[in-house]
Amino acid sequence: MTSPDLDAVAAAVVSCPAVAGMAGGLYGEVATYLPGRRLPGLRLAGDELEVHVTARWGTPLPAVADAVRDAVAPLVDGLPVAVYIDDIEVPGTADAESSVSSAAP
């Protein structure tokens, strides 16, 4: 089995409306190292792909995980996908406000 295109996987994950972003773990330990850069939130662990995300407030967490699995399924060629919800973006908090303002043009 060939390794999936992890850039495409990350793009599919963050395109999910219930996902606020990728999560790198408490100390940034969840990442894949690519030539010259790190891709946070994705880790190939044996025969499984770990996907770590920050969910948006208001969506049931099992639905977030299902949406992520559905989004990446065409890209991983049957590789099992484990979805970890490391955090929840709560509206009105400083973190949520800064991520929205940093995404603005």
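Every read-out reported here was derived from the displayed coordinates using simple, explicitly stated rules and does not represent laboratory data. This one's a predicted model, so the numbers in the text were calculated from it and none came from an experiment. Methodologically, a virtual Cβ is constructed for each residue, glycine included, from the backbone with ideal geometry; neighbour enumeration extends over all protein chains shown.
What's the magnitude of the charge dipole for the range 6-103 around its Cα centre, counting Lys and Arg as +1 and Asp and Glu as -1 at the beta-carbon? Answer in Debye, nearest 20.
Around 180 debye, computed over the range 6-103.
Where both residues lie in the chain, what percent of DSSP beta bridges are antiparallel, nearest 5?
Once the DSSP bridges in the chain are tallied, antiparallel ones form about 60 percent.
How are the Cα pair distances of the chain distributed, in percent, across 10 Å bins from 0?
Cα pair-distance distribution for the chain, in percent: 15, 48, 31, 6, 0.
Over the range 24-71, one equal point on each Cα, no solvent: what is log10 I(q)/I(0) by the Debye formula at q = 0.17, 0.27 Å⁻¹?
-0.59, -1.06
Which length gain, in nm to one decimal place, applies between ASP5 and LEU34 when the Cα-Cα distance is subtracted from 0.36 nm times their residue separation?
9.3 nm
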